[in-house]
Amino acid sequence: MTTLEETPTVLATEQNEQGYREFSLGELHFRRDEYFVYITWPTGSHVMSADAFLRALQRDVAWEFFYGIVNFDGVIGTVNHYGTVDLFAGRYNDSYRKAELDHVENFPTPQIKATFEEMLDDWTNETFDPFAAPRETGSAFGVKNGENRKAITRHRVKAARMVSCTGDEQIRSDETGHPVNEHFVDISQDEPEIIAEPGFEDEVKAFSLFAYLSRSDVTWNPSVVSVCKDSLFCPTTEEYILPIIHGNDRVEWFVQLSDEIHWDVADRETGALRAKVVMRAGDVAAMPANIRHQGYARKRSMLLVWENADPDIPELIATGQTPTYPADF
Amino acid sequence: MFETKTASLDDYTKGGIEVIDDDPKHYAFSNMYEVANASKPYESVVVAMNRQYTLEILRAEGESEWRTAPHDEFALVMGGEVTIRLVKLDNPRSHHDPGDSGSRRIDGEPSGEPMGTIKAKKGHMALLPADSAYQFQTDEPGVILIQTIKGPDSIERWADICITTV
Ligand SMILES: [Fe+2]
């Protein structure tokens, strides 16, 4: 038995002319310059804007590849198999599939994670915060210019019972370095009134979720605030565009707590458009398990993402034992 | 300056679905305030379901019955001012088995030690601890979203609450 996890080897070059290292995962190669990221594989090549690529990469790394597919755009992305991860080019793109030019490689999670983390670290300049809305960050562009490790390695909130519970994730304040966001200055910062009888201080617990979210310093980053077995409340604050296109491997639910988000919904496999969904405060809607979705929010909004983390679901859906939509009626 | 738009029982504007190539029912799209407006006090209407797990909307009005579950539940107040009373049950097994799902009604007053009270407003979230009894009370109608598991009193009325055609 080994007590230390083996550190995976990251395949990277020395700095290129623009000061950035180049990375390889199997037969896929990643390179960046002042404006762009270039991805090549044996049967094709692809270019993405460096800021869009880094925003997507940041989510994929922070969420440990999330549930199902994280499409960086219509060509590049990852599929989480919870232990291993597929890295693909064109696999969920109808044209690449038909031309048989798509490419998929599977990696142990620690290997792709270590490579993505180093890429994110090397390619994020000190002026850029990939978690921030465009109005809150400087430029991702230019030749290599410092680092922003503080931004890209933020603490990931993962409550075990509920935020504010004893020994669990705590509420946010100015003191914890979470000032109220400019878009949420009208959100009340009052906390609930709690009267706990002696001996029950650990069980009589409540907090203001709205105040907590008004102090979120990241966008499009669902993180767990309450846990009922496999049922996870993962609220997040959304502004501008979801930097990835999420392909579900299970039904996912949205509860719009404030403001408005527009969703593009497309086929999970091909990317063909299926529906546009507009959600306003109080709306509740499911994202079926056979689609991909991307959201747009003009004003920072509070979205409650609700997940069922049961590890058996992808298999149940893939084998047709559980439907891709939430209810029959 | 930006104004944050939340909604309430008498002020909500539902969004919608523009279908290109799909069945709107697959999105089970509803609005919690519309659901609560059509509900009797403290009916527990399922608005979201993922296998056994549910999100249920309660129209909070007056005093609720006492309820208990063998697992943690969570109450997110989405309208009104709600007082939550908690009691540590002397004998939770007389109300449910450890493996049961969802909450069950307690007849009359629960027998056990008072744990405390929580006064929660819109946007506040409270823990409803496993094996305790809880009761809600409001002076004005409000809305509570419960994170739980489907139980004997969970009401599914999808066709009434969801967008079925566009
Ligand atoms: Fe999603």
Exercise. Restricting attention to segment B:120-129, does a residue exist that is more than 30 Å from A:Ala266 (Cα to Cα) and surrounded by fewer than 22 Cβ atoms within 10 Å (Cβ to Cβ)?
Worked result: yes
Problem set entry | Looking only at segment A:115-149, and only at residues there that are among the aliphatic types (A, V, I, L, M) and assigned to a loop (DSSP other than H, G, I, E, B), the one that is farthest from A:Pro243 (Cα to Cα) | A:Val143
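State the number of residues belonging to segment B:1-34 that are among the small types (Gly, Ala, Ser), farther than 15 Å from A:Ala285 by Cα and facing another protein chain (nearest Cβ under 7 Å). Talk me through it step by step, then tell me what you get.
Of all residues in segment B:1-34, those among the small types (Gly, Ala, Ser) come to B:7-8, B:15-16, B:28, B:30.
Filter once more, keeping what is farther than 15 Å from A:Ala285 by Cα: B:7-8.
Applying the additional criterion that residues be facing another protein chain (nearest Cβ under 7 Å) yields B:7.
Looking only at that region, the number is 1.
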Exercise. Among the residues of segment A:82-114, how many are surrounded by fewer than 22 Cβ atoms within 10 Å (Cβ to Cβ) and either touching a residue at least 60 places away in the same chain (Cβ under 8 Å) or not in a loop (DSSP other than H, G, I, E, B) (or both)?
Worked result: 19
Exercise. For segment B:1-74, which fully contained strands (runs of 3 or more DSSP E) count at least 1 residues that are within 17 Å of the chain's Cα centre (by Cα)?
Worked result: B:44-50, B:53-63, B:66-68
Seminar exercise, completed: So, first residue free of Cβ contacts under 8 Å to residues at least 24 places away in the same chain in segment A:222-245, second residue in a loop (DSSP other than H, G, I, E, B), Cβ within less than 6 Å, six or more apart or across chains; the pairs are A:Cys228/B:Asp72
Seminar exercise, completed: Per the filter on segment B:136-162, residues among the β-branched types (Val, Ile, Thr) and in contact with a Lys or Arg (Cβ under 8 Å, 6 or more places away or on another chain) are B:Val143, B:Ile149
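Matching residues to (1) in contact (Cβ under 8 Å) with a residue 40 or more places away in the chain; (2) at the interface with chain A (Cβ under 7 Å from one of its Cβ atoms); (3) not in a strand (DSSP E or B):
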position	(1), (2), (3)
B:Gly116	no, yes, no
B:Lys119	no, yes, no
B:Ala126	yes, yes, no
B:Ala130	yes, no, yes
B:Ala133	yes, no, no
B:Thr138	yes, no, no
B:Gly142	yes, no, no
B:Ile146	yes, no, no
B:Pro152	yes, no, yes
Exercise. When residues of segment B:7-41 are filtered for being buried (at least 18 other Cβ atoms within 10 Å of the Cβ), out of contact with any helix residue (DSSP H, G or I) (no Cβ under 8 Å at 6 or more places or on another chain) and of a type in the set (Ser, Thr, Tyr), how many remain?
Worked result: 3
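Need at least 3 residues that are within 16 Å of the ligand (Cβ to nearest atom) and more than 14 Å from A:Thr115 (Cβ to Cβ) per element, so show me which strands (runs of 3 or more DSSP E) inside segment A:1-75 make the cut, counting only ones lying wholly within it. Spell out the reasoning first.
Values: elements: A:23-25, A:28-32, A:36-41, A:44-49, A:69-71.
In segment A:1-75, A:69-71 are the strands (runs of 3 or more DSSP E) which contain 3 or more residues that are within 16 Å of the ligand (Cβ to nearest atom) and more than 14 Å from A:Thr115 (Cβ to Cβ).
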For this session: Kindly check whether there is at least one residue in segment A:17-40 that is under 30 Å from A:Pro288 (Cα atoms) and loosely packed, with under 14 Cβ neighbours inside 10 Å.
Result: no
Exercise. Out of A:Gly199, A:Gly177, A:Gly146, A:Gly167, which single residue is exposed (fewer than 15 other Cβ atoms within 10 Å of the Cβ), small (Gly, Ala, Ser) and in the same structural domain as A:Pro243 (by TED's automatic domain parsing)?
Worked result: A:Gly199
Problem set entry | Conditions (1) farther than 30 Å from A:Glu252 by Cβ; (2) more than 10 Å from chain B (Cβ to nearest Cβ); (3) aromatic (Phe, Trp, Tyr); number of the one not met by A:Phe200 | (2)
Problem set entry | In segment A:215-234, the residues that are more than 26 Å from A:Glu315 (Cα to Cα) and touching a helix residue (DSSP H, G or I) at 6+ places or on another chain (Cβ under 7 Å) | A:Trp220, A:Val225
Exercise. Among (1) out of contact with any helix residue (DSSP H, G or I) (no Cβ under 8 Å at 6 or more places or on another chain); (2) of a type outside the set (D, E, K, R); (3) more than 30 Å from A:Gly177 (Cβ to Cβ); (4) at pLDDT 95 or above, where does A:Ala289 come up short?
Worked result: (1)
Exercise. In this structure, is A:Phe184 more than 16 Å from the ligand (Cβ to nearest atom) and buried (at least 21 other Cβ atoms within 10 Å of the Cβ)?
Worked result: yes
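The values are calculated or read from the model by the stated rules, or taken from the named source; none is laboratory data. Just so you know, these numbers come straight off a predicted model, no measurement behind them. Every residue, glycine among them, receives a Cβ derived from its backbone with ideal geometry; neighbour counts consider all protein chains shown.
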